[in-house]
Amino acid sequence: MIQHKLKAVRKDKGLSQEQMAKSLSTDTSNYSRKERGEVKIHEDEWLKLAKVLDVSIDEIKETERTFSFQYDNSTFHDHSGSNVNYYNIPNSLIENLQEYINLLKEEIRLLKEEIEKLKK
């Protein structure tokens, strides 16, 4: 998972990936992979990063929401295995999608008002 919050706070604080890498006693390319979500950031590393950035861990660590859905393949009546899938989605993505949904709802409301005016 890409660490959007970590990257944003790091940039806000004016710190480079090189400086962050030094705080974890690693090289810049490894830190970069951590920030891109290609390499796991361990709990002790979150503590070090939060200390360097002078923030709480919650301010830099993406939280994940796990959700599941069941796919009902009723066309073929295939009940041979588990159809429950689990996905981890960053809160930042869910928040962005919610903002977009709200924007669309407002646009729909305005369009309905315009339709009513045109009917009159």
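Yes/no matrix, rows are residues, columns are (1) under 33 Å from the mean Cα position of the chain (by Cα); (2) at pLDDT 90 or above:
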site: His77; (1), (2): no, no
site: Gly81; (1), (2): yes, no
site: Ile89; (1), (2): yes, no
site: Ile94; (1), (2): yes, no
site: Leu110; (1), (2): yes, yes
site: Ile115; (1), (2): no, yes
Residue match in the range 54-70 (condition: within 21 Å of the chain's Cα centre (by Cα), modelled with pLDDT of 90 or more, among the aliphatic types (A, V, I, L, M) and over 30 Å from Thr26 (Cβ atoms)) | no
For the range 6-23, which residues satisfy the criterion of being surrounded by 14 or more Cβ atoms within 10 Å (Cβ to Cβ) and hydrophobic (A, V, I, L, M, F, W, C)?
-> Leu6, Val9, Leu15, Met20, Ala21
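The values are calculated or read from the model by the stated rules, or taken from the named source; none is laboratory data. Predicted, not measured: the structure shown is a model, and the values here were computed from it. Cβ: placed from backbone, ideal geometry, glycine included. Neighbour counts: every protein chain shown.
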